[in-house]
Amino acid sequence: MSWTLARSIARLYLTLFVAMLGAVLLVFLVGDFADRLSAYLERPLADVATLYWNKALVALHQLAPAAMLLAAGATMSTLRQRGEWTAMRSLGLSRWVVVMPIGAVTLAAALVLIGFDELVVSRAGPTVDRLMAEKFNRWGDFRFFYAPRQWFRLDDALVYVRSGSTATELHDVTVFELDRDFRVTRRWDTATLTHLEGSRWVATPATERRFLPSGQSPVTPHEHVTLTLAGSSRDTFLVRIGRPEFMKTSELREQLQVRARVGLPVERLVLALHNRFAYPVTGFAATMLALALALRERRRGHLTLALVEGIVVTMTLFGLLLVGKALVLGEHVPAFAAAWAPIVVLLAISGVMWWAAEGQRRPRRSP
């Protein structure tokens with residue numbers, strides 16, 4: 001395969017990819033702005049500009065896979081309309097002369113998206129959530145992802161943290177001591193719970209309420225008291241608030257360990273960790289399917305048809321991702337299956353289509 005031809009095809013695909021990405025990003029931002037226009041009236045222009053700059057960064061990552069597959073169909077339509085594809089076929093070149101440079105560019109773009117998500121989206125995403133809540137009074141899921149209240153299950157205790165805390169100092173805390181039958185035997189309410197050493201914590205001040213078998217519940221105030229929370233350590237309560245999708249990989253791994261240790265659900269975090277790498281690669285798989293559709297022998301080189309096919313593949317792709325996420329949160333399928341199954345399905349369909357097309361092209365032997 002000529003490197004000049006490969007570079008020409010890669011350059012054409014990259015140009016169309018940037019154009020498609022800009023187009024879908026513009027449509028998304030304009031639609032979002034029109035939908036939320038009432039929230040922006042009489043608000044400072046600087047706040048709106050900051051919000052949409054960060055929204056553009058988040059949306060760029062989310063829409064890039066769709067732009068990849070749309071650009072693949074548009075590239076093939078352009079080559080057909082120019083007669084270049086017919087010329088390649090007349091020279092005996094296979095479809096891989098197009099697939100390989102486009103696939104290489106798409107894989108490179110997927111790697112860039114992984115780094116972009118890690119370094120840029122992890123900052124822009126929380127900024128969007130915070131600005132919508134603080135500046136525009138649009139809370140959405142803000143309370144769910146950013147509310148400081150947390151329940152922690154330890155060996156023989158439940159710990160309820162109501163307000164913002166650090167790993168070694170918790171504020172506005174209630175500790176429920178449990179017996180073997182999961183009945184509450186004692187309750188501690190404290191303004192501050194500070195780590196002392198090992199599994200020992202100091203509550204200042206604290207109110208003790210005991211639940212006696214007789215039904216009485218005497219209350220005793222303490223200026224400070226040392227509590228032993230079996231199974232706890234300095235890092236036990238190091239739980240970060242926020243959307244798992246906007247956390248960095250190192251933070252996701254840390255939170256998986258911390259939350260699993262204290263009995264908090266981790267399905268959304270596991271899915272976010274897999275999607276950090278699987279989602280950009282899904283764009284590559286969808287691009288291969290778009291190319292398989294565009295390289296059909298009797299297909300005409302109309303750009304409209306390529307866009308329609310791309311939109312259908314995009315809807316199918318995002319449908320698979322949404323269904324997979326719902327199944328993971330419902331604990332019906334493991335997170336790795338939901339993240340990577342769409343890639344396997346798309347590549348399998350592409351492979352079957354290419355195999356069928358190559359079989360049709362193979363000349364029959366004369367008897």
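The values are calculated or read from the model by the stated rules, or taken from the named source; none is laboratory data. These numbers were taken from a predicted model, which means no experiment stands behind them. Cβ atoms come from the backbone with ideal geometry, glycine included; neighbour counts cover every protein chain shown.
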Residue within segment 258-275 that is of a type outside the set (A, V, I, L, M), part of a helix (DSSP H, G or I), touching a Phe, Trp or Tyr at 6+ places or on another chain (Cβ under 9 Å) and at pLDDT 90 or above present: yes
Gly215 of a type in the set (Gly, Ala, Ser) and either at pLDDT 85 or above or closer than 19 Å to Arg162 by Cβ (or both): no
Taking segment 206-249 and the residues there that are out of contact with any Asp or Glu (no Cβ under 9 Å at 6 or more places or on another chain) and small (Gly, Ala, Ser), the one that is nearest to Ala339 (Cα to Cα) would be Ser233
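Please verify whether segment 213-223 includes one or more residues that are outside any loop (DSSP other than H, G, I, E, B), surrounded by 13 or more Cβ atoms within 10 Å (Cβ to Cβ) and over 35 Å from the mean Cα position of the chain (by Cα).
From segment 213-223, those outside any loop (DSSP other than H, G, I, E, B) are 219-222; that's our starting set.
In the following step, the residues that additionally are surrounded by 13 or more Cβ atoms within 10 Å (Cβ to Cβ) were identified as 222.
Next, from what is left, pick out any that are over 35 Å from the mean Cα position of the chain (by Cα): 222.
Yes.
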Where Met288 falls short, out of the listed (1) assigned to a loop (DSSP other than H, G, I, E, B); (2) closer than 27 Å to Gly103 by Cα: (1)
Exception for Ala59 within (1) part of a helix (DSSP H, G or I); (2) in contact (Cβ under 8 Å) with a residue 12 or more places away in the chain; (3) farther than 25 Å from Ala290 by Cα falls at (3)
Members of segment 69-87 that are over 27 Å from the mean Cα position of the chain (by Cα) and either outside the structural domain of Ile311 (by TED's automatic domain parsing) or in contact (Cβ under 8 Å) with a residue 40 or more places away in the chain (or both): Ala74, Thr75, Met76, Ser77, Thr78, Leu79, Arg80, Gln81, Trp85
Among Ala66, Ala49, the single one that is in the same structural domain as Pro126 (by TED's automatic domain parsing), free of Cβ contacts under 8 Å to residues at least 60 places away in the same chain and under 29 Å from Glu118 (Cα atoms) is Ala49
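Can you tell which of Asp117, Asp47 is surrounded by 14 or more Cβ atoms within 10 Å (Cβ to Cβ), in contact with a Lys or Arg (Cβ under 9 Å, 6 or more places away or on another chain) and under 23 Å from Leu320 (Cβ atoms)? Please lay out each step first, then the result.
On the way: Asp47 fails: under 23 Å from Leu320 (Cβ atoms).
None of the others qualify; the one that does is Asp117.
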All positions within segment 240-261 that are buried (at least 19 other Cβ atoms within 10 Å of the Cβ) and either in contact (Cβ under 8 Å) with a residue 40 or more places away in the chain or under 21 Å from Val345 (Cβ atoms) (or both): Glu245, Phe246, Met247
Say whether the condition of being over 14 Å from the mean Cα position of the chain (by Cα), under 30 Å from Gly103 (Cβ atoms), in the same structural domain as Val121 (by TED's automatic domain parsing) and of a type in the set (Phe, Trp, Tyr) is met by at least one residue in segment 300-320. no
Given the conditions (1) without any contact (Cβ under 8 Å) to a residue 40 or more places away in the chain; (2) in a helix (DSSP H, G or I), report the number of the one that Glu42 does not fulfil. (2)
From the list Thr314, Thr304, pick out the single residue that is modelled with pLDDT under 85 and surrounded by fewer than 17 Cβ atoms within 10 Å (Cβ to Cβ). Thr304
Flagged in segment 107-134 as modelled with pLDDT of 85 or more and either over 19 Å from the mean Cα position of the chain (by Cα) or in a strand (DSSP E or B) (or both), in numbering order, are Ala108, Leu131, Met132
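Specify which of the listed residues (Leu41, Leu57, Leu79, Leu91) is modelled with pLDDT of 90 or more and of a type in the set (A, V, I, L, M, F, W, C). Reasoning before the result, please.
Details: Leu41 fails: modelled with pLDDT of 90 or more; Leu79 fails: modelled with pLDDT of 90 or more; Leu91 fails: modelled with pLDDT of 90 or more.
Checking each option against the conditions leaves just Leu57.
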